[in-house]
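Q: Handing you this structure, nothing more for now.
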Amino acid sequence: VDEIVEGDFDQVELYAAKVAELEQFIAEQTDGAVAKSGAAVVLDQKESELRVQQRYMLQLQSALQPLNLPAYMLDFLAQVWSQALVLAVRRDGADSDRARRYRRVGVDLVMSIQPKGSPMFRKKFLMQLPSLMKDLNEGMKLIGWPEAAQKEFFSKLLPAHAESLKGQPLTELDHNMKVKQLEGIFAIPGYLLARAFSRRVRRMEH
């Protein structure tokens, strides 16, 4: 700017060159500001997702606490599987196939370790097991849960499955009531998550 204002440009080409330099400088500064603004949006998005994740984790942990689940199961559902649920809702929506399957995993995982000594419950469990394990592994992969942690979790889950086949089974009424309770626990947060993400999108649009 000083060169343009104070310079003695008898030649138009020289003046034009200095103006071009100024325009280039302004363009570079503008691009830098846009890049910084984009980075700020991404950072704000990540922070918002983390806050949603933490709220959901605490809510899920509180809702599951009265069920007296083994510590490894409670920790997995609240701290690990909640991440898969949040990511599924964020990417596909609360009513998407993946979000529904992941909520169902939460229900089926808890029921998989309940006593099922009767042939009817054993058969039902064994028929559901392949899809449960498929969706469980898919969710773990989605969030990038470390392989060592996966092995430790399965080292506790599989013996619990074996033990559940020996215990005194729940009555059909108790079984159905527990399933309904779990469906409520995993269904309501999905709605809340969807609403939280929609609010975040509206903030970003404005």
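Q: On the basis of being out of contact with any Leu (no Cβ under 7 Å at 6 or more places or on another chain) and either surrounded by fewer than 11 Cβ atoms within 10 Å (Cβ to Cβ) or modelled with pLDDT under 95 (or both), does PHE153 make the cut?
A: Numbers: out of contact with any Leu (no Cβ under 7 Å at 6 or more places or on another chain): yes; either surrounded by fewer than 11 Cβ atoms within 10 Å (Cβ to Cβ) or modelled with pLDDT under 95 (or both): no.
Here the answer is no, as PHE153 does not meet what is asked.
Q: Now a separate question. So which residues in the range 88-110 are open to solvent by less than 30 Å² (accessible area, probe 1.4 Å) and part of a helix (DSSP H, G or I)? First the steps, then the outcome.
A: Filtering the range 88-110 for residues open to solvent by less than 30 Å² (accessible area, probe 1.4 Å) gives 88-89, 93-94, 96, 99, 102, 105-110.
Answer for the range 88-110, where residues must be open to solvent by less than 30 Å² (accessible area, probe 1.4 Å) and part of a helix (DSSP H, G or I): ALA88, VAL89, ALA99, TYR102, VAL105, GLY106, VAL107, ASP108, LEU109, VAL110.
Q: Name the single residue, out of those in the range 171-193 being at pLDDT below 80 and buried (at least 19 other Cβ atoms within 10 Å of the Cβ), that is farthest from VAL110 (Cα to Cα). Talk me through it step by step, then tell me what you get.
A: Going through the range 171-193, the residues at pLDDT below 80 turn out to be 188-193.
After this cut, where a residue has to be buried (at least 19 other Cβ atoms within 10 Å of the Cβ) as well, the list is 189-190, 193.
Details: PRO189: 17, GLY190: 18, LEU193: 22 Å.
Among residues in the range 171-193 that are at pLDDT below 80 and buried (at least 19 other Cβ atoms within 10 Å of the Cβ), the one farthest from VAL110 (Cα to Cα) is LEU193.
Q: For the range 61-85, which positions are open to solvent by less than 10 Å² (accessible area, probe 1.4 Å) and over 20 Å from GLY144 (Cβ atoms)?
A: Residues of the range 61-85 open to solvent by less than 10 Å² (accessible area, probe 1.4 Å): 64, 73, 76-78, 81-82, 84-85.
Within the range 61-85, LEU64, MET73 meet the criteria.
Q: Continuing with the same structure: Among TRP145, TRP81, which is the only one that is within 23 Å of LEU64 (Cα to Cα), under 14 Å from the mean Cα position of the chain (by Cα) and not in a helix (DSSP H, G or I)? Even if it seems obvious, please write down each step before you answer.
A: Details: TRP81 fails: not in a helix (DSSP H, G or I).
Answer to the check: TRP145.
Q: Can you give me the number of residues within the range 105-138 that are charged (D, E, K, R) and modelled with pLDDT under 90? It would help to see each step written out before you state the result.
A: At the first step, the residues of the range 105-138 found to be charged (D, E, K, R) are 108, 116, 122-124, 134-135, 138.
Okay, now just the ones that are also modelled with pLDDT under 90, so 116, 122-124.
Qualifying residue count for the region: 4.
Q: Does the range 88-98 contain at least one residue that is more than 26 Å from GLN53 (Cβ to Cβ), modelled with pLDDT under 90 and of a type in the set (Val, Ile, Thr)?
A: Within the range 88-98, not a single residue is more than 26 Å from GLN53 (Cβ to Cβ), modelled with pLDDT under 90 and of a type in the set (Val, Ile, Thr).
Q: For GLN168, which of the numbered conditions (1) assigned to a helix (DSSP H, G or I); (2) in contact (Cβ under 8 Å) with a residue 24 or more places away in the chain; (3) open to solvent by 70 Å² or more (accessible area, probe 1.4 Å) fails to hold?
A: Unmet condition: (1).
Q: Please give the number of the condition LYS116 fails out of (1) outside any helix (DSSP H, G or I); (2) closer than 18 Å to LEU157 by Cα; (3) within 13 Å of the chain's Cα centre (by Cα).
A: (3)
Q: Which residue is nearest to the chain's Cα centre (by Cα), if the candidates are limited to the range 127-137 and must be open to solvent by 60 Å² or more (accessible area, probe 1.4 Å) and within 21 Å of GLN150 (Cα to Cα)?
A: It comes out as ASN137.
The values are calculated or read from the model by the stated rules, or taken from the named source; none is laboratory data. Here the structure is a predicted model, which means the values were calculated and not measured. Quick reminder, even Gly has a Cβ in these numbers, built from the backbone with ideal geometry, and neighbours come from all protein chains shown. Ligands, DNA and RNA are stripped out before the accessible areas are found, and what is left, the full protein with its side chains, is counted by its heavy atoms. Shrake-Rupley method; radii C 1.70, N 1.55, O 1.52, S 1.80 Å.
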